[in-house]
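Worksheet for the structure shown next.
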Amino acid sequence: MKLEHIALSVTDVSEIGQFYEGILGMKKVKNFVLNKNLARDIFGIDKETKAFLLQKNELILEIFVVSESIEKGFNHICISDANREELVKIAMQYNYEIIRIEREYNDLIFIKDNSGNIFEMK
């Protein structure tokens, strides 16, 4: 199993440059907009949201910019595993919530633990 990225939320876009690039020394890999349908289906947030992928060495952070502190967030941990479908089957047997978004190439798969932590499975 390999850690792919950690996702966090910030309330001020200037944090990308000031803190993540300026203090942590990370570099922007890309920026994108998470459409509101995916945001709703995965995270329960019905809002289009700006996001940035930042990297320093092996650490990759996915930072979502929200207009205010929110109860629900985009925080999640992304891991890859060669046997992700087997992990999904086991999670289903134990009644963990599975979110699968079917796509043309690779489905998006998320598993929620009983505390609400979200794991994206690659």
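Looking only at region 43-50, decide whether some residue is among the acidic types (Asp, Glu), part of a loop (DSSP other than H, G, I, E, B), under 21 Å from Asp107 (Cα atoms) and modelled with pLDDT under 90.
No, because not a single residue in region 43-50 is among the acidic types (Asp, Glu), part of a loop (DSSP other than H, G, I, E, B), under 21 Å from Asp107 (Cα atoms) and modelled with pLDDT under 90.
Working only within region 80-96, note down all residues that are part of a helix (DSSP H, G or I) and free of Cβ contacts under 8 Å to residues at least 12 places away in the same chain.
Scanning region 80-96 gives Glu85, Glu86, Lys89, Ile90, Met92, Gln93.
Step by step: first the residues of region 112-122, then only those that are at pLDDT below 90, part of a strand (DSSP E or B) and not aliphatic (A, V, I, L, M), then the one that is farthest from Ile6 (Cα to Cα). Which residue is that?
By that ranking, first place goes to Lys112.
Please verify whether region 84-99 includes one or more residues that are within 17 Å of the chain's Cα centre (by Cα), farther than 21 Å from Leu3 by Cα and at pLDDT 90 or above.
Within region 84-99 (the criterion being within 17 Å of the chain's Cα centre (by Cα), farther than 21 Å from Leu3 by Cα and at pLDDT 90 or above), the answer is no, since none of the residues qualifies.
Quick check on this structure: which one of Ile109, Ile63, Ile99, Ile77 is in a strand (DSSP E or B), out of contact with any Phe, Trp or Tyr (no Cβ under 8 Å at 6 or more places or on another chain) and in contact (Cβ under 8 Å) with a residue 12 or more places away in the chain?
Testing whether each residue is in a strand (DSSP E or B), out of contact with any Phe, Trp or Tyr (no Cβ under 8 Å at 6 or more places or on another chain) and in contact (Cβ under 8 Å) with a residue 12 or more places away in the chain leaves just Ile109.
Quick check, is Thr49 of a type in the set (S, T, N, Q), touching a residue at least 12 places away in the same chain (Cβ under 8 Å) and either surrounded by 14 or more Cβ atoms within 10 Å (Cβ to Cβ) or closer than 18 Å to Gly116 by Cβ (or both)?
Against the criterion (of a type in the set (S, T, N, Q), touching a residue at least 12 places away in the same chain (Cβ under 8 Å) and either surrounded by 14 or more Cβ atoms within 10 Å (Cβ to Cβ) or closer than 18 Å to Gly116 by Cβ (or both)), Thr49 qualifies.
For residues that are surrounded by 12 or more Cβ atoms within 10 Å (Cβ to Cβ), within 24 Å of Asn37 (Cα to Cα) and either among the hydroxyl-bearing types (Ser, Thr, Tyr) or modelled with pLDDT of 90 or more (or both), tally how many sit in region 59-79.
7
Of everything in region 10-63, what is aromatic (Phe, Trp, Tyr) and out of contact with any strand residue (DSSP E or B) (no Cβ under 6 Å at 6 or more places or on another chain)? Give them in sequence order.
Phe19, Phe43
Going through region 97-122 one residue at a time, which ones are surrounded by 15 or more Cβ atoms within 10 Å (Cβ to Cβ) and not hydrophobic (A, V, I, L, M, F, W, C)?
Lys112, Glu120
Find the residue count for region 33-42, including only residues that are part of a strand (DSSP E or B), crowded, with 17+ Cβ neighbours inside 10 Å and of a type in the set (Val, Ile, Thr).
So the count comes out to 0.
Would you mind stating whether Glu68 is part of a helix (DSSP H, G or I) and on the phi < 0 side of the Ramachandran plot?
no
The values are calculated or read from the model by the stated rules, or taken from the named source; none is laboratory data. All of these numbers come straight from a predicted model, not from anything done at the bench. Every residue, glycine among them, receives a Cβ derived from its backbone with ideal geometry; neighbour counts consider all protein chains shown.
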